[in-house]
Every structure is written in structure tokens, then in C-alpha cells.
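Right, one structure below, let's go through it.
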């Protein structure tokens, strides 16, 4: 080899290391694999999960399961990647995604079951797998209730990710996964498809505030899981509306809120979760966009998706539909299901924005804003609901429950079709107190059903301005710039053949609501479809 060729090879090697191209790939084949192999080629693959659990992975390494293969057991990869050099757990070959299924197995010294487990690890990418955790048979545990005892199954997860007394963990990516058939514990929200947990040692001297910076979920299909599709939790979660780190709270505890950052959900589908499809807790500026939530809450109470104890959450370009409403008392809390809506700005949140979404045919409401007024430290302040379509949601469309403050609801379409009778178009409800300072501006309330109405309860400082009220509506609220004219949608007839049937709510050129909205501080620059907004906005969610 010439000196020039050697120099070129050295440069290529340097570049491969610099840009993350060099790696050790370990292959796993359930048919022709052998755990005595070295596993480093497709012709010498490992066979079992137990064998790959022994590997100490390093940055840029990968574990690849053969497409079409199936494995049973608890997969616990070891090691972390580094910045720009993730460890990748994925698939190779052609055919259907590899299937990993714990079948309810519980590892030694554990109290719950998981198929894939990460602990204090970072820079990990899991992709292109089908993950299940379905126990074929198991003995249920006793679960004490207020008046009797019921029986539940052990908590189960498809993927369990935990951080404990470690500081900040970076860059966990779940890409193009199918996570399904997890028959978990319906008595707790903290199990199901994916559960992410920030915990701490009982020994105070070992405790270190911890969080994640980078939780990415994209292109995943999460379905038929109990109890939640994706949820998380953190022990570093205490605060009030105005407290800072170390402050003593009104309930006697200390402010220790330490949120995760860069939590992103994009292009995922959540279907047939036992209760909630997606819960995001203790996060700063989480983003949920272009996701579909359909037919969730099939076994117990659960709005399809919501942030809890978050700042600046943004939910946009999502569809939520057919959330199941259980009218009977369930076995978990002995009261009828009251959370069965599409979207929810939950309590202990600041400045949540829910925009450009389509919420339809949900069993108990299109949107919820709530705060437990019975808690000394609870709050929900500054929620914005704008440029959404709410169509044919049962019982009520908007529910503002508890001691929420400074909620702004503008430029939405609230539609109740002919079959939607006695629907509360707006429902302000007591939950340890009533909402304060809620404004409704530039919305279109369109009611074809009979006896639909507004129930503002004892809420205070509720303002309606420049809204349109059309159809059979009882006792419209006071609005100094109200319109009762037909807004002239493109069509008010439902279209079940196209999920983009919300386009029916575009205004015709001759609509009387064009340019009849009022300008609002912080108004976005575009409408539901991305059309620019110039001058006075139109009423509703679309700019003509």
C-alpha cells in the first residue's frame, strides 16, 4: 500500500470515528443463532436475549434482531452511548419486525414486568421492533378498595425507562416501534406501553435531583395496552404557582420541581389503551404533534392525552376521537367515568397551548381544563385553546373544572350535530371551587341539536367577546359583539369517508364572519391550515 493510500485510510478512519460510523454490531437470530458464536456478523449471530443481556455496550454499538424472529424474556441492555454516538437496538434483514415479549415475566428483585428495561442509561435508540408483554396466565394480587377488595395483575410495561440519583440523562429515542398487547394493572396509570420514571434512593444522602434531556417518540404505534399508552413520573415534582426551588409550600413540603426537557412526541398513533393514551408529567415545554388518539379509555377512566405539572406544553396538529365513556361505576374507584375526552390541560400546568387539533366523537367532552381546588398548592394558569375543531363530542364540548385561572379560548369551531341534544357547549364545573378569568373570543358555536346550552356555574370573570352563536342554543351568554348569523361553512353535513372532514368548516366566500374577529395579544400568525392571518381574523378556525 502506498503512503498516499495509507493516508487516505487514516483520514477515513478518523472521519468514521468523528461522525459515528464505526461500531460493533451484534446480531441475534432465534433460528440459526448460537450463544457460543461471537455475534458480530449475520453468519455468526447470537440466539437468546439472555446472551445479549451479558454484553457491555459502548457508544456506537448496536444490537440487531433478525426480522421475522421472536424472543421471550426480559431484555436489559447494558451500557450507554455518547453524544452523536447512540447505542442502537433495532432490526436487520427483511420481513416483519422482530417480536420481543416478556409474557409477564418478572426479573429477580423486581416487582413489575417489562420487556425492555433501561436504568440510568443515555444516548440509546430503540427502533423497528414489535414489543409485547402479555401474560398468558398469572395469579392476580389483592387490591384494597374503599368498601371491598378487587384483584389486579402485576404492573407491566413494554418499555420501562428509569433514572435514579444520576443527574441529567440524555437522548432516549423510540422510533418506529409497535408496542401492543400489554395486559397491565388497571389500578395504576404508571404502567402500560411505555413508562418513564425518575426515582430516588430512600437514603437522603444518596439522593440527587435527576431528569431527562431528550425523550423522543416518533412513528410509533401503541395499541391494546393497559393502563396507559405512554406515561412518566418524577419524584422531583413539588411546587406551587409562584414558588421557586427550596421554598416551603403551603402544604408544608419543599419546592423541588426539576422537569425533564426536550420531550417530543411526533407522528405516533395511540389506539385502544385501557385508559389514557398519553400522559406527560413534570416536563418543560413538551411537544406533542401530528399524533392520532383513537378509541382509548376502553376499560376505565381516561382522557386521551394531557400534560400534568408541566410548563409551556404544546399540543398541535393532533386528532383525538372516540374516547370511550363508561357510564357505569367501575371496579377501581366505584364512580362513573367522568374523564373521557380528547384533550386535557391538567392541573399544576402553566401556559399550556392546545392548537390546530381535531377532537371529535369523544364520549365525554372535547377539551378539559382543570385544577383541583382542594389542594393547597394546585394551579392551572394561562392555558390557551385556539384554532381547533371540536365536532360531535358527547355531554359537553368545553369543560373548565376547578380553580383554573386566566384561560384563553379563541378562534375555535364548536360543532354539535343534529344527533347532539342537550349538550353543554361550555361547562364550568366546581372542583373545590370554580374557574376564574376565562375568556372566549372569535369562536363559532354551531348547534344543530336541540336544547344545547351554556353552564357557567359560579365561575367568575368569564368574558365572551366577538363569538358567533348559531342554531338551537338556550340562553346564550352575554357578548357585546355576538353574531347569530349562519357562518356559512362549506358544509355542515358529516363525512365519514375522510378523516379530514374538518375541512367542512372552512368558511364560504360569502360568510358574514370573515374579518369579524378581534385582534388578540399573542395571536398566532397562521390558521388551522397554515394560512396567514392579516388584519382582523375571521371567526372560527380557518382564515378565508
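Given the Cα-Cα distance of residue 244 and residue 42 and 0.36 nm per residue of separation, how much length would full extension add, in nm?
Details: separation 202, 0.36 × 202 = 72.72 nm, distance 5.44 nm.
Between residue 244 and residue 42, full extension yields an extra 67.3 nm.
Shape of the stretch 182-234 from the C-alpha gyration tensor: oblate (a/c of 1.5 or more and a/b not above b/c, with a ≥ b ≥ c the square roots of its eigenvalues).
Provide the percentage of antiparallel DSSP beta bridges, counting only those with both residues in the stretch 267-485; round to the nearest 5.
The answer is about 5 percent antiparallel.
For the pair the stretch 477-491 / the stretch 52-68, the C-alpha centres are spaced 60 Å from each other.
What FRET efficiency, computed as 1/(1 + (r/R0)^6) with R0 = 41 Å and r the Cβ-Cβ distance, is obtained for residue 109 and residue 430, rounded to the nearest 0.05? Walk me through the numbers on the way to the answer.
Values: r = 46 Å, r/R0 = 1.12.
Efficiency for this residue pair is about 0.35.
Restricting attention to the chain, close to 5% of DSSP beta bridges with both partner residues there are antiparallel. For a label point 7 angstrom out from the Cα of residue 262 toward its Cβ, which stretches of the stretch 285-328 have the backbone nitrogen within less than 14 Å? The answer is 285-287. Counting only DSSP beta bridges with both residues in the stretch 389-510, the antiparallel share comes to about 5 percent. Neighbour counts of C-beta atoms inside 10 Å place 160, 322, 92 in the sequence 92, 322, 160, starting with the fewest. Across all directions, the shadow cast by the convex hull of the stretch 267-485 built on its C-alpha atoms averages 10.9 square nanometres. Decide, for the stretch 400-544, between rounded, prolate and oblate: order the square roots of the alpha carbon gyration tensor eigenvalues as a ≥ b ≥ c, take rounded if a/c falls under 1.5, and otherwise choose prolate if a/b is larger than b/c, else oblate. Oblate shape, in that a/c is at least 1.5 and b/c is the bigger or equal ratio.
Note down the relative contact order for the stretch 391-494 as a percent, whole number, built from C-alpha pairs under 8 angstrom at least six residues apart.
Values: 274 pairs, mean separation 25.7, N = 104.
Computed value for the stretch 391-494: 25 percent relative contact order.
Simple spin-label estimate for residue 34 and residue 83 gives 4.4 nm between the two label positions (7 Å along the Cα-to-Cβ direction from each Cα).
Remark: spin-label model distance residue 526-residue 475 equals 4.2 nm, labels positioned 7 Å along the Cα→Cβ axis.
Order the peptides 458-471, 381-394 from the highest to the lowest mean number of other Cβ atoms within 10 Å of their residues. Walk me through the intermediate numbers first.
Numbers: 458-471: 18.6, 381-394: 24.4.
Going from most to least packed, we get 381-394, 458-471.
What ranking do 286-297, 413-424, 69-80, 249-260 get when scored by the average of other Cβ atoms within 10 Å per residue, highest first?
Values: 286-297: 22.6, 413-424: 20.2, 69-80: 18.3, 249-260: 15.9.
Order by mean packing, descending: 286-297, 413-424, 69-80, 249-260.
Per-residue packing, averaged as other Cβ atoms within 10 Å, sorts the ranges 449-456, 240-247 into the order 449-456, 240-247, beginning with the highest. For the chain, the longest principal axis of the alpha carbon atoms and the long axis of helix 3-18 meet at an angle near 50°.
As a size descriptor, the averaged projected area of the C-alpha convex hull of the chain was calculated at 30.9 nm².
Here, each number is a calculation from the coordinates, and none is a lab measurement. What you are looking at is a predicted structure, and each value in this text was computed from that prediction instead of being measured. Note: ideal-geometry Cβ built from the backbone for every residue, glycine included; neighbour counts use all protein chains shown.
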